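Visitor: Below are the structure tokens for one structure; questions will follow.
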Number of protein chains: 2
Amino acid sequence: MVSLRVPALIALAVLAAFPVAAEEGMWPLAQLDDLKDAVRSAGLTLAPKEIWDPSTNSGLAGAVVSLGGCTASFVSPDGLIATNHHCAFSAVQLNSTPENNILEDGFVAANQQAELRARGTRVLVFKGWDDVTREVLAAVRADMAPADRAAAVEGRRRELVAQCDSGSVRCQVVSMFGGAGFYRFRQLELTDVRLVYVPPRGIGEFGGEVDNWMWPRHTGDFALLRAWVGPDGAPAPWATANVPYRPERYLKLAQSAPVEGEFAMILGYPGATTRYRTAAGVAEDLQSTMPRRVKLLQDLVAILEAQGRRGKDVELRLATQLKQLDNSLKKALGMLEGAGHIDLLGSKQAEERRLESWIAADPARKALWGDVVSATDAALARRAVSRERDFLLAWLPQPRATSLLGAAVAIERWTDEKSKPELDRPFEFWNREERALRQRLASMQRGLDLSTDREVLRYLLRRAVQLPAGQRVTAVDQALTATGKTGEDAITAFLDRLYAAPRLADPNVRETSFALDHAALLAQQDPWIAFAAALRRDQEAKERVDLTWDGSMLSLVPRLAAAVKAWRGTPIAPDANGTLRFTYGQLHGVSPRDGVVYTAFTRLRGVVEKHTGEAPFNVPERELEAARTSASSPYRDSRLGDVPVCFLSSNDITGGNSGSPIMNSSGELIGLAFDSTWEGITADYRYDAAIGRTINVDVRYLQWVLDSVEHAGHLLRELRQVRGNR
Amino acid sequence: MVSLRVPALIALAVLAAFPVAAEEGMWPLAQLDDLKDAVRSAGLTLAPKEIWDPSTNSGLAGAVVSLGGCTASFVSPDGLIATNHHCAFSAVQLNSTPENNILEDGFVAANQQAELRARGTRVLVFKGWDDVTREVLAAVRADMAPADRAAAVEGRRRELVAQCDSGSVRCQVVSMFGGAGFYRFRQLELTDVRLVYVPPRGIGEFGGEVDNWMWPRHTGDFALLRAWVGPDGAPAPWATANVPYRPERYLKLAQSAPVEGEFAMILGYPGATTRYRTAAGVAEDLQSTMPRRVKLLQDLVAILEAQGRRGKDVELRLATQLKQLDNSLKKALGMLEGAGHIDLLGSKQAEERRLESWIAADPARKALWGDVVSATDAALARRAVSRERDFLLAWLPQPRATSLLGAAVAIERWTDEKSKPELDRPFEFWNREERALRQRLASMQRGLDLSTDREVLRYLLRRAVQLPAGQRVTAVDQALTATGKTGEDAITAFLDRLYAAPRLADPNVRETSFALDHAALLAQQDPWIAFAAALRRDQEAKERVDLTWDGSMLSLVPRLAAAVKAWRGTPIAPDANGTLRFTYGQLHGVSPRDGVVYTAFTRLRGVVEKHTGEAPFNVPERELEAARTSASSPYRDSRLGDVPVCFLSSNDITGGNSGSPIMNSSGELIGLAFDSTWEGITADYRYDAAIGRTINVDVRYLQWVLDSVEHAGHLLRELRQVRGNR
């Protein structure tokens, strides 16, 4: 463990001062070598090179894939992929019809030909990285103004990606520690992905929103996909002639039962953490950003719920959008509650005071880092002057607020950006994104309800009207003024104009508009496109201002991280940024509060206990029947006296890790990570192994369900072929 | 343990069939000898005779007292008594004033002279019993009609009590197993009771309604009283010349720290259980009685809450009444939830089917018990025809519904009954109850709010109007008809008449009315008294009908219990009936559901965790300060690493056991029982040691609070004098 390197007294002092536990850290694979003693002490029997060997670009991590927002892993030589049910949710929804509702009833492909296209799903196979820090920083001169520095770095990132992208290999250049280092990651993109197995919603979503973020958990949050490629083995779009992809690496299922206290590691794609935020930044988040976010989410949820009461069809149409908003709201509320519970701000402030004292105590440190906290806070204060406006400007074009405005903004900008050289465009408008953008514009139809869309936009416009002077959204002000009316009348008039006959509500119009050039699009004088173009002027003005902030952070965050690292005297991990990370810990229960202990494992009997027959506690009758004879199941754990369902581990993960493989000390698959506990929800700011836990679904539950509930022997054999006969 | 006597295979079968656990049973002391092997195996080192020796009428149980609805125990040679804070609640409230609010702030008597009168509190010291089964049953002839049988038994009970009552010795004759046996208990009544120590509400009621019935628990639910007597040592009313009572027995505090798994026993006064109810009786309770009760309680709570919003003074006035109603409601809801969770009805039905098969399998058994279930159910069905009316008739005169009608009913009946010979009166109208009745009529003033009282009575009258034909309350029908109006107008007119100038709202009028003879009272033509007299005609008509039911049960319940006993082949305990019982078990945590374990002990750190500064999680600042230095406290438990607060045990208790001493295998005091867990709330019907737990407050927490929070060294010394210097 990391802190084993620290002399015992210091370690104790550090733990007492702020309980950063041994397992903290979502480590880039480039740091694996720094950790080799720690992970060996913790129980890992593999050498770091077996996880990933940069010299050969191979290793266990080759089995781990990104689904974009979720993680997954290859689990058979024929491209079978295991991930969470909730990561396959939208693909499952797209394949569901009232007559064949696989979202409710589940789906087992009887053979490979019966597998269903998972539209909108792509698989990104890890292929390695190179350190491009020198190349990026070569573009930066010390005397550059912050905005110029940010622009120079961004330009160099684009060049480095363009040089690397090739065929189906997609590259990205990301910063570590806010700009201390830059890595270029390579991923192979596979776009023919198919649904192989989806459990019934009563298993895959068992417990639903009630149990979301909670322990004890009994969710069978698993699904199986398969990647397909052209007959030549090369990535290819969906085609009947395609064949299953044969990955270089795939994970084997664990051969022995994991036990409490055992080593466990996770490889996955955590999205974002904020562990190097200053105390002032944390204060702003907790006292301003998060409450603002909660208010908006609560209001949007209320609008959607009210609209959903218009009818069952509307309710179903809004279900996915509402689920996303609810989940964000629940996380934000949990964050605020958790922050209060552990006094996050107070402990961050105390930690920062200690850090600053330590810096101040030595002239050399003072010279290096004496101003880093105050300079960061000053930049933060400058940025705060437009926070209200920036917040709203970020929400207005979001498809999860109003899908029509989201579509208009995407189409308007895409048609403009596509005429430019790629190096002049932000990454999200590169040609390689065209397919995903088109897909989004097509699939939004399923969730579109004009009345709800209008009420959400009305809400956002009202919020815009209430913005303080100096923080106005010009596009909104101009649009409302143009109605010739004032106040609520102006909003209504503008909405009447937009929603009178919204052409973009037609998927064909969206598709043809997307293909137009920008001038032709504008010439159509669609009010939506005109509003989107106006909003872009606000947006681009903001982006120009942001360059100064970005440039300041490019120098400040690396300095702050360097100070923290020197102060702690141990390796530290950079914040999550959507790239592949390694985290290790143990299988462990936890005491969430005095008098209560969460056990490390839940069991099949707990599913039966919770089952009420009504969603979200509604497993199929055939599972209840199978449970009655589970005592003789080979997936029964004799220590637990039952088939295991989910388990807790002390790994450090966050959003994006969903579907990640959790492996034992030999690198065998023991489960899939799918959630964090409510008590550990503040880990994005500060991980505390005394309270934070990852929630995983046990692969033995997957196997038991495939065997005893689904009778899908062919899938079990495919999963187990590497294990011989059991 | 009881089931150790059963061959292992049978025990397993029984446990599998219906999980009646080893610890089930609230045992009359008369059965202690039957249990001697079982309790010795379980760990008790005392001989049954040391708990109570009928030949000398002495033993540990002599230290255990009833407070009427609560239990307590002597804990010093000078009559110091330990019980729950909630058992002293009303006495504490009566001693609280806005200027000296001891309910909120607590109270420590600096010395004996400073102790406060606990008006309305009496202490009943256990003095033994004799078996009067033969004497009672001698009054019964086999050919008697059921009603005559019931009347004969009741008459004999009164004679036996009258023969026994003497001075301050109060007797009662109670049936066991519904009439299989009759015991006459003797208690010494002490009426000068004083408050010695009351913790601040933030300790004594920490967690309040939120934590009520819940684990983990951190409530310091303790208080100390003292019994005083005349200078001659004989019971006497309060007087300045009185001296502390010197009990024959008192409990010593445990000298060693209790540990999980350790033997524990409780002596106390459980009120009522219903374990020999037939499945049809349970079905009626769950499907009809309890939902009806829940509905009424919810409606009353809503009325009181709405009225409470009129102002802070009204809210305070209604606080105690609301707390009682809320507690009843929470218990009823928990019972329904728990019954569903454990399938109480299904398991009762299955158990009954097995019992009936066993009876039917043998001609001798069939002759004895073949009809007992069906005959009981037939009697139940006959009674069910007036359930709606009986339910309302029971609620109308309850002081916890409307205190004015409660007072009118009590005064009207008392003035009539008191003119009769005692043997012709129900026990509750014997002269010995006069003091308590007067006290109640005086103290009701504190909770009386006329507007609320009127709204509650309006609600009950509306319910009476809705009763089906054949189940009418004649008194209500006549009163409403007499208004000359119909429907809601009649109710309003009747209420207008009652509440125009209610004389009984004046405590002096209640006192003088209570002293009048019945004719003089009626001559006053008070509309309340007239309504009470009319209601009594309904009530007495019901009592006459009930005699038939009572008489049937007097023969059926003993037969059913005998069948169950023969079937189980082990000693069985009679239902609780408010008399002294012994229950044994262990200190044990419990898993309330898969994935969660409740630990056996809670700790001081849990109090600090829960403390928010707002009621009900609001310990005094001085407790938080003391907690900071608790690591060096002599009351710290080294295994727990903290001062213990509450603990769980598998003892079988119910309402009335509050304040009961829980003792180790040597009979030393380790805590005070004060609640059951939510999960075990169905124990009144079926005790299950796998889920049911008693919640106790640890005597070490009491001592830590007295020492470190209250600095009440004199009380600590009195509690510890038997332990030598620690």
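Visitor: Consider just the alpha-carbon atoms of the stretch B:518-596 and return their Rg together with their Dmax, both in angstrom.
Guide: Cα only, the stretch B:518-596: 23.6, 69 Å (Rg, Dmax).
Visitor: Could you list, bin by bin from short to long, the percent of Cα-Cα pairs of the stretch B:275-390 in 5 Å steps?
Guide: Values per bin, smallest distances first: 2, 10, 15, 15, 14, 12, 9, 7, 6, 4, 3, 2, 1, 0.
Visitor: Over all directions, the average projected area of the alpha-carbon convex hull for chain A comes to how many nm²? Could you put the intermediate results ahead of the total?
Guide: Values: hull surface 127.4 nm².
Mean projected area for chain A: 31.9 nm², to one decimal.
Visitor: Still on this model: Taking the label point 7 Å from Cα in the Cβ direction, how far apart in nm is residue A:248 from each other copy of itself, listed shortest first?
Guide: 9.0
Visitor: Now a separate question. Place +1 on the Cβ of every Lys and Arg and -1 on the Cβ of every Asp and Glu in chain B, take the dipole about the Cα centre, and give the residue among B:651, B:324, B:207 whose Cα lies farthest towards its positive end.
Guide: B:651
Visitor: Take residue A:288 and residue A:720, extend 7 Å from each Cα along the Cα→Cβ direction, and tell me the distance between the two endpoints in nm.
Guide: 5.9
Visitor: What lysines does residue B:331 reach when the alpha-carbon gap must be under 26 Å and sequence neighbours fewer than 8 apart in one chain are set aside?
Guide: A:610, B:295, B:323, B:348, B:610
Visitor: By the gyration tensor of its Cα atoms, with a ≥ b ≥ c the square roots of the eigenvalues, what is the shape of the stretch A:385-429: rounded for a/c under 1.5, prolate for a/b over b/c, or oblate? Could you put the intermediate results ahead of the total?
Guide: On the way: a/c = 3.22, a/b = 1.51, b/c = 2.13.
It is oblate, given that a/c is not under 1.5 and a/b is not larger than b/c.
Visitor: With Cβ to Cβ distances under 12 Å as the rule, what net charge do the other residues near residue B:142 carry (K, R +1; D, E -1)?
Guide: 0
Visitor: So, with a 1.4 angstrom probe, what is the percent of accessible area on chain A that is carbon and sulfur?
Guide: Solvent-exposed carbon and sulfur of chain A make up 52 percent of the total.
Visitor: Charges only on Cβ, +1 for Lys and Arg, -1 for Asp and Glu: so what's the dipole of the protein assembly as shown about the Cα centre, in debye to the nearest 20?
Guide: 240
Visitor: With a point put 7 Å past each Cα toward its Cβ, work out how far residue A:274 is from residue B:545 in nm, to one decimal.
Guide: 6.8
Visitor: Once each part is reduced to its C-alpha centroid, what is the distance from the stretch A:63-116 to the stretch A:692-710 in angstrom?
Guide: 16
Visitor: Then there's this: What is the spin-label model distance, in nm, from residue A:148 to residue A:472 if the labels are put 7 Å beyond Cα along the C-beta direction?
Guide: Between residue A:148 and residue A:472, the label points sit 3.4 nm apart.
Visitor: A further question on this structure: How much net charge surrounds residue B:288 when only other residues with a Cβ under 10 Å from its Cβ are counted (Lys, Arg +1; Asp, Glu -1)?
Guide: 0
Visitor: Next question, about the same structure. Considering all projection directions equally, how large on average is the shadow of the alpha-carbon convex hull of the stretch A:186-310, in square nanometres?
Guide: Numbers: hull surface 58.1 nm².
Projected area, direction-averaged: 14.5 nm².
Visitor: What's the magnitude of the charge dipole for chain A around its Cα centre, counting Lys and Arg as +1 and Asp and Glu as -1 at the beta-carbon? Answer in Debye, nearest 20. Could the numbers behind the result be given before it?
Guide: On the way: 87 positive and 90 negative charges, 105 e Å.
With Lys and Arg at +1 and Asp and Glu at -1, about 500 debye.
Visitor: Turning to a different aspect of this structure: Using a Förster distance of 25 Å, how high is the FRET efficiency between residue A:443 and residue A:327, based on the Cβ-Cβ distance and rounded to 0.05?
Guide: Efficiency, from the Cβ-Cβ distance: 0.85.
Visitor: Which loop-located trypsin sites (Lys or Arg not before Pro) does the stretch A:99-157 contain, where loop means any DSSP state but H, G, I, E or B and the Cβ has at most 10 other Cβ atoms within 10 Å?
Guide: On the way: sites: A:117, A:119, A:122, A:127, A:134, A:141, A:149, A:156, A:157; in loops: A:119, A:122, A:141.
Hits after loop and neighbour filter: A:141.
Visitor: For the stretch A:342-496, what is the accessible area per residue in Å² when the probe is 1.4 Å?
Guide: 44
Visitor: Further question on the same structure: B plus A alone minus the pair: what accessible area, both sides summed, probe 1.4 Å, in Å² to 100?
Guide: Answer for the B-A pair: about 1300 Å² buried.
Visitor: Moving on to the next point. I need the Kirkwood Rh of the stretch A:231-271: take the reciprocal of the average 1/r across all distinct C-alpha pairs and report it in angstrom.
Guide: It works out to 14.6 Å.
Visitor: Over the stretch A:333-428, what is the relative contact order in whole percent, taking alpha-carbon pairs under 8 Å and six or more residues apart?
Guide: Values: 22 pairs, mean separation 8.2, N = 96.
Taking the mean separation of contacting Cα pairs over the length of the stretch A:333-428, I get 9 percent.
Visitor: Please find the FRET efficiency linking residue A:55 to residue A:711, where r is the Cβ-Cβ separation and R0 is fixed at 41 Å, and quote it to the nearest 0.05.
Guide: Between residue A:55 and residue A:711 the formula returns 0.35.
Visitor: Could you name the lysines in cross-link range of residue B:127, using Cα to Cα under 27 Å and dropping any fewer than eight places away on the same chain?
Guide: Reachable lysines: B:36, B:49, B:252.
Visitor: Between chain A and chain B, with a rotation axis joining them, whose C-beta in A is nearest that axis, and what is the whole-Å distance?
Guide: Closest Cβ to the A-to-B rotation axis, residue and whole-Å distance: A:597, 2.
Visitor: Also: Under 4.7 Å Cβ to Cβ, no partner at all: give me those cysteines from chain A, in residue order.
Guide: A:646
Visitor: Can you send over the solvent-accessible area of residue B:183, 1.4 Å probe, protein chains only, in Å² to the nearest 10?
Guide: Taking all protein chains as shown, residue B:183 has close to 40 Å².
Visitor: Same structure again: What does the convex hull of the alpha-carbon atoms of the stretch A:501-656 project to on average, in nm²?
Guide: Averaging across all directions leaves 19.8 nm² for the Cα convex hull.
Visitor: Under the √(5λ) rule applied to the eigenvalues of the Cα gyration tensor, what semi-axes describe the equivalent ellipsoid of the stretch A:569-630? Give them in Å, descending.
Guide: For the stretch A:569-630, the semi-axes come out at 37, 18, 13 Å.
Visitor: Right, next: Can you list, shortest first in nanometers, how far residue A:350 lies from the same residue in the other copies, with each label 7 Å from Cα toward Cβ?
Guide: In ascending order, 5.3 nm.
Visitor: What does the charge count around residue B:192 come to, taking other residues whose C-beta lies under 15 Å from its C-beta (Lys +1, Arg +1, Asp -1, Glu -1)?
Guide: Net local charge, residue B:192 excluded: +3.
Visitor: Taking every Cα atom in the stretch B:615-726, find the radius of gyration and the maximum pairwise distance Dmax, and write them in Å.
Guide: Final numbers for Rg and Dmax: 16.0, 46 Å.
Visitor: Same structure again: Using a 1.4 angstrom probe on the protein heavy atoms only, could you order A:711, A:218 from most to least accessible area?
Guide: Of A:711, A:218, the descending order of accessible area is A:711, A:218.
Visitor: So, with +1 on the Cβ of K and R and -1 on the Cβ of D and E, and no other charges, what is the size of the charge dipole of the stretch B:354-447 about its Cα centre, to the nearest 20 debye?
Guide: Computed about the Cα centre, the dipole is about 320 debye.
Visitor: What percent of all Cα-Cα pairs in the protein assembly as shown falls into each 10 Å bin, going from 0 up to the bin containing the maximum distance?
Guide: Spelled out per bin, shortest first, that is 1, 7, 13, 17, 17, 15, 12, 9, 6, 3, 0, 0.
Visitor: For chain B, what is the relative contact order in percent, using Cα pairs closer than 8 Å and at least 6 residues apart in sequence?
Guide: With pairs under 8 Å counted, the relative contact order is 24 percent.
Visitor: Expressed in nm to one decimal, what extension gain is obtained for the pair residue A:360 and residue A:524 from 0.36 nm per residue of sequence separation less their Cα-Cα distance?
Guide: On the way: separation 164, 0.36 × 164 = 59.04 nm, distance 6.29 nm.
Extra length from residue A:360 to residue A:524 when fully extended: 52.8 nm.
Visitor: Something else about it: Could you pull the copy-to-copy label distances for residue B:446, with points set 7 Å along Cα to Cβ, in nm to one decimal and sorted shortest first?
Guide: Output for residue B:446: 6.5 nm, nearest copy listed first.
The values are calculated or read from the model by the stated rules, or taken from the named source; none is laboratory data. Since this is a predicted model, take the numbers as computed values, not measurements. Counting neighbours? That spans all protein chains shown, and the Cβs are built from the backbone with ideal geometry, glycine included. Surface accessibility is based on the protein's heavy atoms, side chains included, excluding ligands, DNA and RNA. Shrake-Rupley method; radii C 1.70, N 1.55, O 1.52, S 1.80 Å.
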